[in-house]
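Step one of this worksheet: look at the structure below.
The values are calculated or read from the model by the stated rules, or taken from the named source; none is laboratory data. Please read all numbers here as calculations on a predicted model, not as lab measurements. Here the Cβ positions follow ideal geometry from the backbone for every residue, glycine too, while neighbour counts run over all protein chains shown.
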Amino acid sequence: MKRRDLLKISALAGLAATTTHASADSCAGDGTPAQFIPKKPADAKPLDNELQKYPKCPYCGMDRQEHHRSRMLVQYSDDLTDGVCSIHCLSLSLGVNIDREPKNIWGPDYGAATEPRPLAPVDTLIYLIGADLKHAMTKKSKHSFASASVAKEFQAKHGGTLGNFNDALRESYLGMADDVAMIRKNREERRKRAAEAKKS
């Protein structure tokens with residue numbers, strides 16, 4: 001993985017990274033962006049039992065087992081780890097941890113037949129971007145495949161363009177405004193349905 005390129009892309013989040021050290025030094029707990037530092041203990045082997053250790057996405061609360069086809073895992077250089085539901089939430093993690101260098105990032109092999117989908121290093125994966133396949137937390141799907149031939153089969157059936165992890169991450173940042181608007185709308189509709197169900 002080209003870490004320097006990865007960090008350049010994560011800077012697209014537009015976060016005020018210059019306050020990171022000041023916030024972290026002045027506050028041992030919460031404080032922007034220190035409040036977003038991964039809360040789990042340092043983990044030298046994050047892949048071991050990852051769904052048990054990281055069952056919920058810390059950014060949206062979604063169940064990672066349920067969304068195993070899109071889940072991701074990032075281990076930073078200090079071994080703090082974020083287990084997230086999707087590349088959308090991975091982009092949030094990378095943006096708010098701008099001074100924490102990613103050591104490893106893993107994504108799922110969408111084309112695998114096993115459940116949960118196995119994770120692999122993102123720099124070994126091929127991404128199918130913008131296919132008509134459902135994806136967590138985003139309007140524009142970004143599914144990863146371990147096999148180029150399988151990715152091309154899905155592309156033939158569902159459209160989209162092939163790229164690498166950095167291409168998919170860039171699209172996540174570029175689509176963030178639309179994705180957040182969609183997520184807010186969906187959650188508001190769920191709240192309304194839940195309120196109506198309580199009344200009846």
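The set of residues in the range 59-70 that are modelled with pLDDT of 95 or more and within 22 Å of residue 102 (Cα to Cα) comprises 64, 68, 69, 70. Among the residues making up the range 131-150, those that are over 16 Å from the mean Cα position of the chain (by Cα) and crowded, with 16+ Cβ neighbours inside 10 Å are 131, 133, 146, 150.
Restricting the first member to the range 103-114 and to residues that are in contact (Cβ under 8 Å) with a residue 24 or more places away in the chain, and the second to residues that are in a strand (DSSP E or B) and surrounded by fewer than 19 Cβ atoms within 10 Å (Cβ to Cβ), the beta-carbon pairs closer than 9 Å and six or more apart or on different chains are 104/121; 105/121; 106/120; 106/121; 107/120; 107/121; 108/120; 109/120. Of the candidates 39, 45, the single residue that is among the basic types (Lys, Arg), surrounded by fewer than 16 Cβ atoms within 10 Å (Cβ to Cβ) and at pLDDT 95 or above is 45. Among the numbered conditions (1) more than 17 Å from residue 163 (Cβ to Cβ); (2) crowded, with 17+ Cβ neighbours inside 10 Å, the only one that residue 105 does not meet is (1).
Among the conditions (1) more than 22 Å from residue 183 (Cα to Cα); (2) aliphatic (A, V, I, L, M); (3) at pLDDT below 65, the only one that residue 12 does not satisfy is (1). Taking the range 151-200 as the range and being within 22 Å of the chain's Cα centre (by Cα), hydrophobic (A, V, I, L, M, F, W, C) and in a helix (DSSP H, G or I) as the test, the residues that pass are 151, 154, 165, 168, 169, 174, 176, 177, 180, 181, 182, 183. Taken as a whole, the structure places residue 157 among residues that are among the basic types (Lys, Arg), more than 24 Å from residue 105 (Cα to Cα) and modelled with pLDDT of 90 or more. Pairing residues of the range 151-180 that are farther than 18 Å from residue 71 by Cα with residues that are part of a helix (DSSP H, G or I), at Cβ distances under 7 Å and at least 6 apart in sequence or on separate chains, gives 162/151; 162/155. Residues of the range 54-73 that are surrounded by fewer than 17 Cβ atoms within 10 Å (Cβ to Cβ) and charged (D, E, K, R): 56, 63, 66.
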